[in-house]
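The values are calculated or read from the model by the stated rules, or taken from the named source; none is laboratory data. Bear in mind the structure is a predicted one, so any value in this text is a computation, not a measurement. Positions of Cβ are backbone-derived with ideal geometry, glycine not excepted, and every protein chain shown enters the neighbour counts. Note: areas computed on protein heavy atoms with side chains; ligands, DNA, RNA excluded. Shrake-Rupley method; radii C 1.70, N 1.55, O 1.52, S 1.80 Å.
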Amino acid sequence: MSWHPQYRSSKFRHVYGKAASKDKCYDCVPITRNVHDNHFCAVNPSFIAVVTECAGGGAFLVIPIKQTGKLDPHYPKVCGHKGNVLDIKWNPFNDFVIASCSEDATVKIWDIPNQLLKRNITTPKKELLGHTRRVGLIEWHPTADNVLFSSGYDYKIMIWNLDVKDAVLSKPVKILDAHKDVVLSMSFNTDGSLLATACRDKKIRVIDPRAGTVLQEGSYKSHKVNKVLFLGNMKKLFSTGTSWWNNRQIALWDQNDLSVPLLEEDLDGSSGLLFPVYDSDTSMLYVVGKGDGNIRYYEISPEKPYLNYLMEYRSHLPQKGIGTMPKRGLDVAACEIFRFYKLIPTKSLIEPISMIVPRRSESYQADIYPLTAAAEPALTAQEWLTGTNKEPLLVSLRPGSEAVKSPPQFLEPEPLTKATDLSQQQGAQGRMSLEDKQKPREIEDGRKRLKVDENLPKNEQMCLSNGFDVFECPPPKTENELLQMYYRQQEEIRRLRELVIQRDIQIKQLELELRNLSTDTGNY
């Protein structure tokens, strides 16, 4: 059982949850009373958005993340829906764009101003009119810019390309109609090439969203699924639901075989839903109970027993929904590895909960902060729709470091058959560093580039800078763009130095082998 594991070495064994003090909470927030099974809260490093009570339609609040304390009862709302708002999600690549869906069968995209709201926002940036019944779920694509998925009670999942100028869109680029009932949950794998869904017909499906085909479909007689989640690049799915006896239950699945779960475990007899949240950087899984104050957390491993129970955060205040802060918004100085925002409607309170690794040192702890997903898209909407897959851009959380790693560009994964000594795995979750995947190609590209540079006239050689054509890549217009270009150049210089060092080591090893061979032949 994962509840009482044997002793195992882990840097996250002593992670604990710490509730924020009252002055760091958001008080007097009119949280929605809707019974829909969603988070009702979305967070990014700039704002916290929460669905609120509103007479005559649906609305949500957008509060600056630093504006804690009591909320003005006349604080402006984002109110343009004619029905209750059921789900809200921030654009992962733009902190000032949020999507919302509602019982009025529409999805709306909103621009949030940089300054403090002074009046209600009633006009959306875009309106998506494709569903015939209420829309219950929305999800942004994890790597492609301006690609949004919506799921409604018409049993359809629609894919929208928001890179168009039209303010009103009535035709999605793709409609997935593989479900016979309401979709309860959607989750993407790391590069967004696969979509996992949980349906009210008790089945879990793994779908290729661009082709619209169901790759895997399965259900288990003793597990009624409610929520499903991709576990990063581990090729596993995690689901929460209920058992035959209405006990709350968790299950782990192989994404390539959904016939029988790898692991199934009853938690308790409470009636509230379980929201799973996975942190692929630390391989930690959080299970948040709706209607209670508990947050259980586990560590995921690729081998048995797969699920290793760590601890449980307990509170007497029940949560209705939950919001999660992206990694780039955490306090690394306090060794904070995750942060939740609990919606407590009985107190009209939003309470931040920080998950902290206890460390004595006050310096940056690189071992608990591997490279994480950056707030920049890896590819455009059109590139993804035409079949390109890319891993997310990665960024370091070290203060002052914004060096974004460029992902490999390919349509399908290519096996590395040569120069395997240059590729190394980085991170406990098994995610390969992007620079490791690029090294064999970089050596060849570097040789080709040298030959090209030798043949070019001097005036043409000046057009190539850092491997990019300066005419294709316009000069930076803002200070932020200039900094990003500077950090990329610094990162490439560091990477090339590492390649040179590795080559020197290989040369010395070969020289030693030759010397040993010569001495051996001399002895004979």
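Taken together, the criteria exclude I121 from residues that are open to solvent by less than 10 Å² (accessible area, probe 1.4 Å), of a type in the set (A, V, I, L, M) and free of Cβ contacts under 8 Å to residues at least 60 places away in the same chain.
Here V277 passes the criteria (1) within 22 Å of V228 (Cβ to Cβ); (2) at pLDDT 95 or above; (3) crowded, with 20+ Cβ neighbours inside 10 Å; (4) in contact with a Leu (Cβ under 9 Å, 6 or more places away or on another chain) except the one numbered (3). Residues that are open to solvent by 40 Å² or more (accessible area, probe 1.4 Å), at pLDDT below 95 and more than 22 Å from N146 (Cβ to Cβ) do occur in segment 169-177, at least one of them. Please specify each residue of segment 53-70 satisfying the condition of being over 16 Å from E351 (Cβ atoms), open to solvent by 10 Å² or more (accessible area, probe 1.4 Å) and touching a Leu at 6+ places or on another chain (Cβ under 9 Å). Matches in segment 53-70: P64 only.
It is to be established whether one or more residues within segment 343-351 are open to solvent by 40 Å² or more (accessible area, probe 1.4 Å) and in contact with a Ser or Thr (Cβ under 8 Å, 6 or more places away or on another chain). Looking for residues that are open to solvent by 40 Å² or more (accessible area, probe 1.4 Å) and in contact with a Ser or Thr (Cβ under 8 Å, 6 or more places away or on another chain), one finds none in segment 343-351, hence no. Restricting the first residue to segment 125-138 and requiring it to be more than 15 Å from D87 (Cα to Cα) and among the aliphatic types (A, V, I, L, M), which pairs with a second residue that is part of a loop (DSSP other than H, G, I, E, B) and open to solvent by 20 Å² or more (accessible area, probe 1.4 Å) meet a Cβ separation below 6 Å and a spacing of at least six or different chains? If the second residue must be part of a loop (DSSP other than H, G, I, E, B) and open to solvent by 20 Å² or more (accessible area, probe 1.4 Å), the pairs left are L129/S170. For segment 218-240, the set of residues classified as in contact with a strand residue (DSSP E or B) (Cβ under 8 Å, 6 or more places away or on another chain) and free of Cβ contacts under 8 Å to residues at least 40 places away in the same chain consists of S219, K224, K235, listed by residue number. Per the conditions (1) of a type outside the set (A, V, I, L, M, F, W, C); (2) farther than 24 Å from L61 by Cβ; (3) touching a residue at least 24 places away in the same chain (Cβ under 8 Å), the sole criterion not satisfied by E103 is (2). Could you please let me know if R248 is of a type in the set (D, E, K, R), farther than 24 Å from G130 by Cβ and open to solvent by less than 10 Å² (accessible area, probe 1.4 Å)? So R248 fits the description; yes. When residues in segment 457-516 are screened for being in a loop (DSSP other than H, G, I, E, B) and either open to solvent by less than 100 Å² (accessible area, probe 1.4 Å) or at pLDDT 85 or above (or both), 10 of them pass. The listed residues are Y309, Y364, and the only one of them that is hydroxyl-bearing (S, T, Y), part of a loop (DSSP other than H, G, I, E, B) and open to solvent by 20 Å² or more (accessible area, probe 1.4 Å) turns out to be Y364.
Within segment 147-175, the set of residues being assigned to a loop (DSSP other than H, G, I, E, B) and farther than 16 Å from E383 by Cα comprises Y153, D154, Y155, K156, K165, D166, A167, S170, K171, P172. Restricting attention to segment 374-420, the residues being open to solvent by 50 Å² or more (accessible area, probe 1.4 Å) and either modelled with pLDDT under 80 or not in a helix (DSSP H, G or I) (or both) number 17.
G212 fulfils the conditions (1) without any contact (Cβ under 8 Å) to a residue 60 or more places away in the chain; (2) surrounded by 17 or more Cβ atoms within 10 Å (Cβ to Cβ); (3) not charged (D, E, K, R) except for a single criterion, (2). Of the numbered criteria (1) within 22 Å of Y298 (Cα to Cα); (2) assigned to a loop (DSSP other than H, G, I, E, B), the one S193 fails is (1).
Entry remark, segment 275-289: residues being part of a strand (DSSP E or B) and under 21 Å from R328 (Cβ atoms) number 6 in total. Residue check: G218 meets all listed conditions (1) farther than 19 Å from E264 by Cβ; (2) small (G, A, S); (3) in contact with a Leu (Cβ under 9 Å, 6 or more places away or on another chain) but one, namely (1).
Among the listed residues K126, K77, K82, identify the single one that is among the basic types (K, R) and closer than 28 Å to P377 by Cα. The unique qualifying residue is K126.
The single condition among (1) touching a Gly at 6+ places or on another chain (Cβ under 9 Å); (2) farther than 30 Å from P318 by Cα that T386 does not meet is (1). Here L129 fulfils each of the conditions (1) in contact with an Asp or Glu (Cβ under 7 Å, 6 or more places away or on another chain); (2) over 30 Å from K390 (Cβ atoms); (3) not β-branched (V, I, T) apart from (1). Evaluate segment 77-90: report whether one residue or more is open to solvent by 10 Å² or more (accessible area, probe 1.4 Å) and acidic (D, E). The answer is no, given that none of the residues of segment 77-90 is open to solvent by 10 Å² or more (accessible area, probe 1.4 Å) and acidic (D, E). A single member of T190, T197, T242 is open to solvent by 30 Å² or more (accessible area, probe 1.4 Å) and either closer than 25 Å to T282 by Cβ or of a type in the set (V, I, T) (or both), and it is T242.
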